[in-house]
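Report on the following structure.
The values are calculated or read from the model by the stated rules, or taken from the named source; none is laboratory data. Only a predicted model underlies this, so the values are computations on that prediction, with no experimental measurement involved. Cβ atoms come from the backbone with ideal geometry, glycine included; neighbour counts cover every protein chain shown.
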């Protein structure tokens, strides 16, 4: 071992790759899943944290890894992936990594997979990893833009009486939002879900979450994961954080609600602290408030790039 500053240590030993599994698409593009050393994740919940259009939700996966100090147990590599390397704890690591213990496994990625062939093979790798290592379920994380009309649509209710706003909110409306969301409501702590397990569905409803009936179209990794639900013995669940305009601009609340829901899926509290996220959300809110107030004085147009 080579000693580094601040009492940290850098390993001079190469990572031990215990098993390698290759997956090839119809276009002859391959990915390789590598497992490191020995580990026991039997009975764990597997969470896929691949970014999609709503990258803030994928942040939840990385936050879980950080807060639970999950060990690195594998990665996924391919010469078709973007050339990305993460430096973590003094160590260079692949762009797609696998962390886990006997309660939870997390697939964490630094980039969105957009190639259909690679996406299909990645989902094959995720499910085979779960089955091979005895994980009890696979969970996909997503965000959905939400308003009253969307709430009714996904519940299968009539929406004829709801008008869709034509214009984006004004600066004054944004300022009003800032002053009205300091305290999260009970509804802010609720998410939407779909699952192939009735018992789990009943549990999530009991905790105040809402099942999705229809009118949701997904793309990307989450779509492929959930499309496997009717054809696997694994429990497959999609967790959807409702993202409104106020959340997109000034809140980490969607990440917090997703993390709390994952606690329930595991079946026991993981004690993931979310106070950092709450402070971050407050800081974003205060910064945006400051920018909008300044623009009110100067009559400059609202531009989120100021953030």
Considering residues that are part of a strand (DSSP E or B) and surrounded by 14 or more Cβ atoms within 10 Å (Cβ to Cβ), the number found within the range 87-118 is 13
Over the range 201-227, the set of residues surrounded by fewer than 16 Cβ atoms within 10 Å (Cβ to Cβ) and in contact (Cβ under 8 Å) with a residue 60 or more places away in the chain is 203, 214, 215, 219
Within the range 209-228, of all residues that are assigned to a helix (DSSP H, G or I) and at pLDDT 95 or above, the one nearest to residue 129 (Cα to Cα) is 225
| task | May I ask you to verify whether residue 38 is more than 19 Å from residue 223 (Cβ to Cβ) and in contact with a strand residue (DSSP E or B) (Cβ under 9 Å, 6 or more places away or on another chain)? | result | yes
Within the range 62-77, the residues that are over 12 Å from the mean Cα position of the chain (by Cα) and either at negative phi or assigned to a strand (DSSP E or B) (or both) are 66, 67, 68, 70, 71, 72, 73, 74, 75, 76, 77
Filtering the range 40-61 down to residues that are assigned to a loop (DSSP other than H, G, I, E, B), modelled with pLDDT of 90 or more and surrounded by 19 or more Cβ atoms within 10 Å (Cβ to Cβ) yields 41, 44, 50
